[in-house]
1. For the pairs LYS112/LYS289; LYS112/LYS313; LYS282/LYS458; LYS112/LYS282; LYS289/LYS320, flag any whose C-alpha to C-alpha distance is greater than 26 Å.
2. Take HIS62, HIS185 and sort them by solvent-accessible surface of the protein heavy atoms, 1.4 Å probe, largest at the top.
3. Consider a paramagnetic label point 7 Å from the Cα of ARG556 along Cα→Cβ; state which residues of the range 380-406 have an amide N under 19 Å from it.
4. I want the antiparallel fraction of DSSP beta bridges within the chain, as a percent rounded to 5.
5. Please give the peptides 79-88, 238-247 ranked by average Cβ packing (other Cβ atoms within 10 Å per residue), highest first, as a rough proxy for protection.
6. Counting just the Cα atoms, what span does the range 257-390 cover along each of its three principal axes? Round to the nearest Å and put the largest first.
7. Got a sec to turn the phi values of the range 137-147 into Karplus ³J(HN,Hα) couplings, 6.51 cos²θ - 1.76 cosθ + 1.60 with θ = phi - 60°, whole Hz, x for Gly and Pro?
8. In nm, give the distance between the simple-model label positions of ALA317 and GLN463, each being 7 Å from the Cα along the Cα-to-Cβ direction.
Amino acid sequence: MKNTHHKIINRLRGTLTRAVCLATAAVLTACPAAVAASSQDGDPTVVQTRTGAIRGTVHEDHRLFQGIPYAAPPVGALRWGSPRPAAAWTGVRDATRPGQACAQDQDFIGDKPSMAEDCLFLNVTTPRHVKASDARPTPVMVWIHGGGFLGGSGAIYGAERLAAKGDVIVVTFNYRLNALGFLAHPALDGGPARHRSGNFGIEDQQAVLHWVRANAPAFGGDPHNVTIFGESAGGMSSCAHLTAPGSRGLFHRVIMQSGPCTLRWPWAPGTAGPQAETWRPKPRAQAQKQAIEIATAAGCGDLRTAAACLRAKPVSALLKAVGPHGLAPTYGGGVLPEDPVRQLASGRFTRVPVMHGITRDEHVTFQVGFDAEAGGPLPAAEYPAVLGNFLDLTKQENAKVIRRYPLRDYRGSTSWAMAATITDWAWACPAVEMNTLLSRHVPTYAFEFADRTAPWFKQAPPQSYPTGAYHAGELQYLFSRAYAGRALSTAQQRLSDQMIGYWTSFAHDGSPNGNQTAPVWPAYRPSDHQVMSLAPGEGGITTVNLDREHHCGFWRSLG
């Protein structure tokens, strides 16, 4: 039975990470002097960037410019190199279609697998009326997509409602993923890498922020009012930028969605293979060990020749060597000198206002993936042992957890019980910790997306338990084309408008409480753990005690 449990846990690990796929560059730009107002103010489809003119599309309430290169293609000798400046062009470049997504070997929701390395493109959405000659520039919001550092792209997030309703400019973009973005092999330190290896995807994100500082004025944007926001891996990236020296001064507010630096990811010690990783940044020694094992699996085990060998491998071979679990950022020298959690705890991070939150039922997304992989829900008789192994609990701790989360409370559904338990343990209680760390030093506005009737993905939802306010469920309320299977109801559309109001008000002045009719959102206080609960309907937006709602006192009692 023990071996069966381990097989189930290992399969769950891989499926959980796959379910995520169901988020110094100063040399890249000149100093942030404003780009001269272009002579194309009379033609709203054309903008003059630092590297050349682009032609996008104009719609009723917004302009859209897609597929803009923000860095040189990281190919050949520049594979695993820090981003370099994009080449300038003559004439007017077509910006009516997105660039290709960065290499990923799994279907991400809205994206197909890609083997592309020439992928460092961004997209800009502006309100229709905004132009370079405006006397008052418009705030800029830079979206960092999620996908477990394995998949995703900027183009699947339609930002037109966010831009038009919130009077902001929204930038979405691609960054290097998986082996090409986060391989921390010691043979890749130096050379085209300006820092130590392991964080090329984070360096790409910094390159975008430099591009925004140099080019925002050409679109009518304010380079001195930039909000970075992201979900899942994008939220984790946003947290990393709070502590990364190379990101300092490039942004002025942060929104983190479902990506707390304090996230727990349940890998039971002793049962994970060498490639099982968390989304959290990991220490360099661990990352290097994993990278050497990956290189060996790819046929590049000799440290003396590993760099050249790895650069000669096709992308497909590299992704296969990594396996389904992927990679994540690395701390300890280079882009991230220390563990971001340690820096947050000591107050050593960029002091800017922060919005931070989770969804009410985060783990449902991953539990659905496990059930699909396993061919059905976990048998009830195996629930206690699998949950205990999964969370690395002692026998006594496991007994307490089973009493706190008995199957009878979930209509006998092991899937629903697992989702509720792991939501509390892995997501909600770490979010409480994150809120507390942040609020000691900066204005912090905490939230929980709580629409438990949010439309599910385009795939059929599970029939035996509710999907609730699942991981990524809030994205369709902020973006169009955000992979939901059906349209929002009237009440949900109203919630969407209110959320867009909160998000963009925060981007304007650091507080979500702008000129809108939504309830006032209080700043977070560790004394009462009150966060804004975002749900549709009359009285749907209210405050809740996140700590109490998710039994965090119980989890603290387990140590």
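1. LYS112/LYS289; LYS282/LYS458; LYS112/LYS282
2. Working: HIS62 20, HIS185 0 Å².
Per-residue accessible area, sorted high to low, gives HIS62, HIS185.
3. What the label zone holds, given the 19 Å backbone N cut-off, is 401, 404.
4. On the way: 24 of 58 bridges.
In the chain, DSSP labels about 40 percent of beta bridges as antiparallel.
5. Values: 79-88: 19.6, 238-247: 24.8.
Peptide ranking by packing, descending: 238-247, 79-88.
6. 51, 46, 25
7. Values, residue by residue: x, 9, x, 10, 10, 10, 8, 9, 6, x, x Hz.
8. With each label point 7 Å from Cα toward Cβ, the separation is 4.6 nm.
The values are calculated or read from the model by the stated rules, or taken from the named source; none is laboratory data. Keep in mind it's a predicted model, so treat the numbers as computed, not measured. As a convention, Cβ positions derive from the backbone with ideal geometry for all residues, glycine included, and neighbour counts pool all protein chains shown. All accessible areas refer to the heavy atoms of the entire protein, side chains included, with ligands and DNA or RNA removed. Shrake-Rupley method; radii C 1.70, N 1.55, O 1.52, S 1.80 Å.
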